[in-house]
Amino acid sequence: MRKISFYDTKPYDRIYFDELKGKHGYEIEYFEEKLTPRTAVFAKGCEAAVAFVNDDLGADTLQALYENGVRIVAMRCAGYNNVDIKYAKGKLKVVRVPAYSPHAVAEHAAGMLLTLNRKLHRACYRVREYNFSLNGLMGFDLYGKTAAVVGTGKIGRVFADICKGFGMKVLGYDLYPAKDAGIDYVSLEEIYRLADIISLHCPLTKENYHMINKDTLAMMKTGVYLLNTSRGSLIDSEALMEALKSGQVGAAALDVYEEESDLFYEDNSDTILQDDVLARLISMPNVLVTSHQAFLTKEALYGIAETTMENLDAYYAGGELKNEVLPNA
Ligand code: NAD
């Protein structure tokens, strides 16, 4: 049986990989540790390593994996901003799961929007203490408001459809606008000027690092709702914190955070949070932080396991790697 080393394992990761591994003929060695230059050695004896969003796949790790015999890294996620693709070229193949359930992420974004707008997170705590007061819980109708989707790919389009279902006007921005998306494409400047709700669904690249910053926040409508289920570094978190303090931003839903890699997915409840910006954001009643969980549905996890296995099958069969990440991707 072909052996795979599997990093950053959580119990929910194993469910569908365990279900499918026999059928595909793989033995999986699960490691709870994240993939780093130090833990790369665990993969010795495996030609394939499976990694996730917060694993460190910089040049040092890739070199260590290569030296230990790994020849393919299978990302069990869509994003690959944490992989040094240029370094991998010629040494290791890198594959990913470009699509699993766009509905999982888009529905989570919509859930965060509804929660923040209708203050459900606060209402939930109140009634547990038999506090049935409604003061401070007023929201607004989504109907008739303008939602903007930045990145109108698979997830962005599902989110746009959800917004349309609420009777919202939808604007979009994408480097490559899709003709069949049924979305009104405008410039980013217009999005900032016109949108009541802005939801980020584009990948993180060198070009759009901190695209939401002091200057772009100042261009937005006062009280704008900002949703980020894409990647944390799209937003300058300190600038967002200041904009929330001044009221320029009305609410923020963050499923991702730029410094999440050492915190998210772990129970840190026994420690003192050293990240003052995150602590301040979490303390705000109009901020909702979730721990990069937008993908976490049964359908998405099954899709991730299935495509990862198919990616590895294609590699071992010597066939075309349709989900390979290439340096110019
Ligand atoms: P996708 O490739 O289908 O769509 C991305 C879209 O963004 C494309 O249309 C592309 O043209 C556009 N784009 C690229 N660069 C852009 C830029 N600078 N500005 C505007 N648009 C740009 O990807 P997807 O499946 O819709 O996923 C989108 C992102 O969601 C992923 O890159 C990933 O970062 C994030 N994601 C998060 C989770 C989570 O659990 N929170 C899960 C899956 C994906």
ask   = Can you name the residue in region 38-71 that is aromatic (F, W, Y) and under 23 Å from Y265 (Cβ atoms) and, of all such residues, is least open to solvent (accessible area, probe 1.4 Å)?
value = F52
ask   = Which residue out of N117, N131 is surrounded by 17 or more Cβ atoms within 10 Å (Cβ to Cβ) and away from the ligand (no atom under 16 Å from the Cβ)?
value = N117
ask   = Just checking, how many residues over region 263-292 are without any contact (Cβ under 8 Å) to a residue 12 or more places away in the chain and of a type outside the set (G, A, S)?
value = 10
query = If you go through region 81-88 one residue at a time, do you hit one that is surrounded by 22 or more Cβ atoms within 10 Å (Cβ to Cβ) and under 14 Å from P203 (Cα atoms)?
reply = yes
query = In this structure, is A123 under 22 Å from A181 (Cα atoms) and at pLDDT 95 or above?
reply = no
query = Out of all the residues in region 58-72, is one or more at pLDDT 95 or above, among the β-branched types (V, I, T) and within 16 Å of the ligand (Cβ to nearest atom)?
reply = no
inquiry  = Going by what's in this entry, would K154 be described as within 11 Å of the ligand (Cβ to nearest atom) and open to solvent by 60 Å² or more (accessible area, probe 1.4 Å)?
reply    = yes
ask   = Within region 210-329, which strands (runs of 3 or more DSSP E) (wholly inside it) include 2 or more residues that are open to solvent by less than 20 Å² (accessible area, probe 1.4 Å), within 15 Å of the ligand (Cβ to nearest atom) and polar (S, T, N, Q)?
value = none
request  = Confirm whether S261 is small (G, A, S), at pLDDT below 95 and closer than 30 Å to K86 by Cα.
outcome  = yes
query = Out of curiosity, is A147 surrounded by 15 or more Cβ atoms within 10 Å (Cβ to Cβ), of a type in the set (G, A, S) and farther than 22 Å from H103 by Cβ?
reply = no
ask   = Which is of a type in the set (D, E), within 7 Å of the ligand (Cβ to nearest atom) and either open to solvent by 20 Å² or more (accessible area, probe 1.4 Å) or in contact with a Cys (Cβ under 7 Å, 6 or more places away or on another chain) (or both), of D196, D174, D180, D184?
value = D174
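The values are calculated or read from the model by the stated rules, or taken from the named source; none is laboratory data. Computed from a predicted structure; not experimentally measured. Counting neighbours? That spans all protein chains shown, and the Cβs are built from the backbone with ideal geometry, glycine included. With ligands, DNA and RNA removed, areas are computed over all heavy atoms of the protein, side chains included. Shrake-Rupley method; radii C 1.70, N 1.55, O 1.52, S 1.80 Å.
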